[in-house]
Amino acid sequence: MKVFVEKFADIKILRYELTGFENLSLQQKQYIYYLGQAALCGRDMLWDQNNRYNLRIRQLLETIYQSFSGDRQSDLFQKFQVYLKRVWFANGIHHHYSMDKIQPEFSAQELKALIAQVDLAGFAYLADLDELVDVITNPTQEAKRVSLDSSVDLLNASAMNYYQGVSQSEAEAFYKAKNQAAGENAPPFGLNTQLVKENGELKERVWKADGCYGKAIQQIIFWLKKALPFAENELQQKTIKELVTYYETGDLKAFDDYSISWVKELEGQVDFVNGFIEVYGDPLGIKGSWESIVNYKDLEGTKRATILSEQAQWFEQNSPVAESFKKKEVKGVSAKVIHVAMLGGDCYPHTPIGVNLPNSEWIREEYGSKSVTIENITKSYFLDSLGNGMLEEFAATKQEIERAQKYGYLAGNLHTDLHECLGHGSGKMIPGVKPEDLKNYYSTIEETRADLFALYYVMDEKLLQLGLIPSMESGMAEYDSYLRNGLITQLTRIEPGKDLEESHMRNRQLIAQWAYEHGQAESVVEWVTRDGKTYLQINDYQKLRKLFGDLLAEVQRIKSEGDLKAAAELVETYGVKVDQDLHHEVLERFKRLNIAPYAGFLNPELNLKTDAAGEVVDVEVTYAKDFTGQMLSYAKKFSFL
């Protein structure tokens, strides 16, 4: 299977392979098929969550693409196609990483000229046409999906659709009151609702089968029930039934019940995530974007993750954080390496390489968490990177290049294992402290904490003892890669003059910049210039590890105590501002490589194969060939809102 599909703008589209799918039983394959259908039914919810205009704009753009009767080879139509693909990729009109609105390379007048050559008979929003054209082409309209600028009202500055007519202070007070009234083990209030103000009163519109997003949720429920008979064990069946109850009622207590059953289910080879899960799309970190991942175990790779999870107590006890912030007993930490079989919602087409859930702190502390590293995604990334010149251009030394080529793939996966399996599940918050106490800084602080945990231990001899690495050079390769990315190569994703906005980008620069500055007196890390090019060179890996440990201790304290002031100072000082001279240089060097800085994936197509009697005898896998084709197919089959 060829990994690369196509490139447009700053994006490349890849494929992932369903390694070992043919070895699964027919029951497991059917289970994956039906869960996969459920995973594709929620895409409209995410589009609407991202912005109130998204669904109408998507229908307009797809109508233009399919019905345009003019010259499809014209420069204008080619620019329109690129814009459409960018919107598809981002699940809306805002860039998936920078959160800025995607700027088309055509004017309002040019867009209207295209529309004039389109049959709009099937377009449902003719009355909104002028408004939609303005939203698409006017850079001041809906300018930023998520703003993390602490100097402004975050809700007023953000174009996401989780709130309507509500100020930041009103939303924070609303959910603070709910949490205080609920006390310990409160459900994740607001996770599955839109908060609106009606007649001066705050109200929640609940996403459930007979409420908001009902038509899409009913379809998800239909396919979940179809999957039920093919579950591998009773606990999987219980998990699905509890998820269906949650979708039917919108009751967050039912979601907690589902999360507990889900984290307990460890025996099956097939697993899935389906729901309103991650809160990165909400500047207040409250509302969950809809996502789904359907997967099955990589049995060989899982041996690596299992070794780590079985040693979770050792890692917790030997962490450099204060004893008062460590868990006395680490419960229920499970980890596995998986292959995804279907991606949906906020995991498609751009997808994570690892997952650690559930997000509820009290469930994690009482019942544990489930962590995965997504092997077939990381493998596709790795195969695509071979020979693209990125490493050779930005690595400081020949030794660094050779180390990356020998150990980089293993080291990267091990970092993900440590980050997801142990990092997110480590430490504890003092009673009464909740994630929302850190407001818009929580996501960055939490990702910083998990990355630091991984960085601290990826250079620990314990990994050698456990047989997880062949040499300590593996850890050195990860340190090289992490600092190079944190301070240099991730800048290829940022437009000139922009600050860092996305939480993961902020956390990577925060760690790398903090370590550089605090090790400067001993030249632990230094900038070097050769032939007019700037590189980052690590001179002392053990001292760098000590710095990572020191920062981990402080970041854990910030989370455990809910120290908003310290969180803000750390993030704003080290994680936001970009060195503009370095940025200009990096962009010029990167441009010559002709590489897209962002990547996403096509899903495979799964189809039931039946015999003459109509009985299912197999589930066939076909690898999609065309991004546009898959997007139009999904629009036809899975548009429910």
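The values are calculated or read from the model by the stated rules, or taken from the named source; none is laboratory data. Here the structure is a predicted model, which means the values were calculated and not measured. Here the Cβ is made from the backbone with ideal geometry for all residues, glycine too, and neighbour counts use every protein chain on show. When the accessible area is computed, the model is the full protein with side chains, heavy atoms only, and any ligands, DNA or RNA have been set aside. Shrake-Rupley method; radii C 1.70, N 1.55, O 1.52, S 1.80 Å.
Values as computed for the structure displayed
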item: Set GLY368, GLY345: member being at pLDDT 95 or above and on the phi > 0 side of the Ramachandran plot; result: GLY345
item: Every pair of residues 6+ apart whose Cβ atoms lie under 6 Å, when the first sits in the stretch 179-197 and is over 15 Å from TYR162 (Cα atoms) while the second is of a type in the set (Lys, Arg) and open to solvent by 40 Å² or more (accessible area, probe 1.4 Å); result: PRO187/LYS253
item: Test: TYR296 is at pLDDT 95 or above, surrounded by 16 or more Cβ atoms within 10 Å (Cβ to Cβ) and either of a type outside the set (Phe, Trp, Tyr) or not in a strand (DSSP E or B) (or both); result: no
item: Pick from the stretch 499-528, criterion open to solvent by 50 Å² or more (accessible area, probe 1.4 Å) and hydrophobic (A, V, I, L, M, F, W, C), ranking: farthest from THR489 (Cα to Cα); result: ALA521
item: Filter pass, ILE260 being in contact (Cβ under 8 Å) with a residue 40 or more places away in the chain, over 23 Å from MET45 (Cα atoms) and either in contact with a Cys (Cβ under 6 Å, 6 or more places away or on another chain) or among the β-branched types (Val, Ile, Thr) (or both); result: yes
item: Among (1) touching a Gly at 6+ places or on another chain (Cβ under 8 Å); (2) part of a loop (DSSP other than H, G, I, E, B); (3) closer than 30 Å to ALA157 by Cβ - the single one ASP499 does not satisfy; result: (1)
item: Test: residue in the stretch 150-170 that is at pLDDT below 95 and either closer than 21 Å to GLY92 by Cα or of a type outside the set (Val, Ile, Thr) (or both); result: yes
item: Where MET1 falls short, out of the listed (1) crowded, with 19+ Cβ neighbours inside 10 Å; (2) in contact with a strand residue (DSSP E or B) (Cβ under 7 Å, 6 or more places away or on another chain); result: (1)
item: Restricting the stretch 450-483 to residues that are charged (D, E, K, R) and farther than 21 Å from VAL372 by Cβ, the residue that is surrounded by the fewest Cβ atoms within 10 Å (Cβ to Cβ); result: GLU461
item: Unmet requirement for ARG508, which otherwise passes all of (1) in contact with a strand residue (DSSP E or B) (Cβ under 8 Å, 6 or more places away or on another chain); (2) under 22 Å from THR573 (Cβ atoms); (3) not hydrophobic (A, V, I, L, M, F, W, C); result: (1)
item: The stretch 106-143, residues that are in contact (Cβ under 8 Å) with a residue 60 or more places away in the chain and surrounded by 15 or more Cβ atoms within 10 Å (Cβ to Cβ); result: PHE123, TYR125, ASP128, LEU129, LEU132, VAL135, ILE136, GLU142
item: Candidates ASP531, ASP540, ASP618, filtered to the one that is of a type outside the set (Phe, Trp, Tyr), closer than 30 Å to TYR16 by Cβ, out of contact with any Pro (no Cβ under 7 Å at 6 or more places or on another chain) and exposed (fewer than 15 other Cβ atoms within 10 Å of the Cβ); result: ASP618
item: Selection count, the stretch 14-42, where residues are crowded, with 23+ Cβ neighbours inside 10 Å, among the hydrophobic types (A, V, I, L, M, F, W, C) and more than 16 Å from ASN295 (Cβ to Cβ); result: 1
item: Among the residues listed as ALA113, ALA38, ALA108, the single one being hydrophobic (A, V, I, L, M, F, W, C) and either under 23 Å from the mean Cα position of the chain (by Cα) or closer than 18 Å to ALA635 by Cβ (or both); result: ALA38
item: Single unsatisfied condition, LYS253 versus (1) in a helix (DSSP H, G or I); (2) open to solvent by less than 10 Å² (accessible area, probe 1.4 Å); result: (2)
item: Residues being open to solvent by less than 10 Å² (accessible area, probe 1.4 Å) and either more than 22 Å from the chain's Cα centre (by Cα) or of a type in the set (Ser, Thr, Tyr) (or both) - total across the stretch 591-615; result: 1
item: Residue, farthest from THR444 (Cα to Cα), within the stretch 132-175, restricted to residues that are touching a Ser or Thr at 6+ places or on another chain (Cβ under 7 Å) and among the hydroxyl-bearing types (Ser, Thr, Tyr); result: THR137
item: In the stretch 270-293, residue least open to solvent (accessible area, probe 1.4 Å) [restricted to those that are over 14 Å from LEU343 (Cβ atoms) and among the aromatic types (Phe, Trp, Tyr)]; result: PHE276
item: Enumeration of residues in the stretch 621-632 that are open to solvent by 40 Å² or more (accessible area, probe 1.4 Å) and either closer than 30 Å to TYR125 by Cα or without any contact (Cβ under 8 Å) to a residue 40 or more places away in the chain (or both); result: THR622, ASP626
item: Filtered residue count, the stretch 257-278, keeping only those that are over 25 Å from GLU447 (Cβ atoms) and among the charged types (D, E, K, R); result: 4
